[in-house]
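> Please find one structure pasted underneath; my questions will follow.
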Amino acid sequence: MLELKDIYFKRDNKNILNGINLNIEEDSFVAITGPNGSGKSTLAKIIMGIEKPDSGQVVLDGIDITAKSINERAKMGIAFAFQQPVKFKGITVYDMIRLSSQKEITKKDACDILSMVGLCAKEYVDREINNSLSGGELKRIEIASVVARQSRLTVFDEPEAGIDLWSFQDLIKVFEKMRENIKGATVIISHQERILNIADEIILVKDGKIENSEKSDLIKSLAQNTFKCCKLQGGAENE
């Protein structure tokens with residue numbers, strides 16, 4: 001489906017990606033993880049066309065799309081969900097889902113999609129997308145718009161960013177449901193163990209390169225690092 005060939009990317013004379021080769025298969029659920037600054041978010045943006053590689057190719061179904069714009073890629077079936085969902089003054093949830101679907105849908109259709117992502121449809125379908133919504137609500141509305149679009153490939157850049165623990169737990173349930181019921185490939189940039197656990201494949205990016213490792217070893221290593229980080233933070237707060 002999607003293939004990245006020898007992707008190199010540099011910013012401010014610093015090498016961010018150093019020869020990335022990656023295949024995303026049809027209807028797969030892939031997690032890309034790695035340390036902060038490893039290049040994983042840059043990789044996601046290159047897939048969408050937000051960033052252009054210095055060299056290498058992005059190939060979709062055998063077609064080189066490296067030079068294609070964000071809009072062109074969207075029309076070809078690639079969608080992108082940002083870390084911080086966009087808010088639009090005067091735009092309702094129904095407007096967002098209808099625009100994302102690129103076809104006329106009824107409010108009942110929109111409500112069915114909202115229910116899929118765990119929102120009480122009647123309470124949200126006519127609400128304006130603004131600061132009255134929590135981070136978790138905005139995330140789920142964004143996912144609903146992605147579901148409505150029915151893209152062949154959807155990329156989520158750290159969807160857990162900026163939401164509380166309870167919203168994160170709900171978010172995991174949404175992704176589990178997406179994995180089971182929605183066709184199309186999903187790529188999630190994350191370092192959260194619960195997201196990695198539901199992935200078909202985990203890609204580890206470190207120092208701008210992909211490192212081979214077994215899924216179980218990766219999850220164990222990341223869990224240990226998270227525990228150490230929390231322990232250090234807790235110690236600092238007690239001092």
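> Considering each of I188, I129 in turn, give the residue that is surrounded by 19 or more Cβ atoms within 10 Å (Cβ to Cβ), under 15 Å from the mean Cα position of the chain (by Cα), on the phi < 0 side of the Ramachandran plot and touching a residue at least 40 places away in the same chain (Cβ under 8 Å).
I188
> While we're looking at this one, here's another question. Taking the condition among the basic types (K, R) and either assigned to a loop (DSSP other than H, G, I, E, B) or at pLDDT below 60 (or both), does K228 pass?
Yes, satisfied.
> Return the residues of region 69-86 that are touching a helix residue (DSSP H, G or I) at 6+ places or on another chain (Cβ under 7 Å) and either over 18 Å from T154 (Cα atoms) or among the basic types (K, R) (or both); say none if nothing qualifies.
If the condition is that a residue be touching a helix residue (DSSP H, G or I) at 6+ places or on another chain (Cβ under 7 Å) and either over 18 Å from T154 (Cα atoms) or among the basic types (K, R) (or both), then R73 is the only one that fits.
> Does any residue of region 152-164 turn out to be within 15 Å of F80 (Cβ to Cβ) and of a type in the set (K, R)?
Looking for residues that are within 15 Å of F80 (Cβ to Cβ) and of a type in the set (K, R), one finds at least one in region 152-164, hence yes.
> Additional query: Residues in region 40-59 that are in contact with a Leu (Cβ under 8 Å, 6 or more places away or on another chain) and touching a residue at least 60 places away in the same chain (Cβ under 8 Å): how many?
2
> Within region 142-174, can you find the residues that are assigned to a helix (DSSP H, G or I) and either surrounded by fewer than 22 Cβ atoms within 10 Å (Cβ to Cβ) or not hydrophobic (A, V, I, L, M, F, W, C) (or both)?
Within region 142-174, E142, S145, R149, L165, W166, S167, F168, Q169, D170, I172, K173, V174 qualify.
> Cβ-Cβ distance below 9 Å, separation of 6 or more or different chains: which pairs start in region 111-123 with a residue that is touching a residue at least 24 places away in the same chain (Cβ under 8 Å) and surrounded by 15 or more Cβ atoms within 10 Å (Cβ to Cβ) and end on one that is outside any loop (DSSP other than H, G, I, E, B) and of a type in the set (S, T, N, Q)?
I113/S101; I113/S145; M116/N181
Yes/no per residue for (1) touching a helix residue (DSSP H, G or I) at 6+ places or on another chain (Cβ under 7 Å); (2) among the hydroxyl-bearing types (S, T, Y):
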{"position": "L119", "(1), (2)": "yes, no"}
{"position": "R127", "(1), (2)": "yes, no"}
{"position": "E137", "(1), (2)": "no, no"}
{"position": "R140", "(1), (2)": "yes, no"}
{"position": "S151", "(1), (2)": "no, yes"}
{"position": "A161", "(1), (2)": "no, no"}
{"position": "I172", "(1), (2)": "yes, no"}
{"position": "I189", "(1), (2)": "yes, no"}
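> Quickly run through region 6-45 and pick out the residues that are within 24 Å of L196 (Cα to Cα) and charged (D, E, K, R).
E25, E26, D27, K40, K45
> Condition first: crowded, with 17+ Cβ neighbours inside 10 Å and either in a loop (DSSP other than H, G, I, E, B) or not aliphatic (A, V, I, L, M) (or both). Now tell me which residues in region 10-49 satisfy that.
S28, F29, T33, G34, S38, G39, K40, S41, T42, K45, G49, listed by residue number.
> Can you pull out the residues in region 1-60 that are of a type in the set (D, E, K, R) and over 20 Å from A74 (Cβ atoms)?
K5, D6, K10, R11, D12, K14, E25, K40, D54
The values are calculated or read from the model by the stated rules, or taken from the named source; none is laboratory data. Please read these numbers as outputs of a predicted model, since none were measured by experiment. Neighbour counts are summed over all protein chains in view; Cβ atoms, including those assigned to glycine, are modelled from backbone coordinates with ideal geometry.
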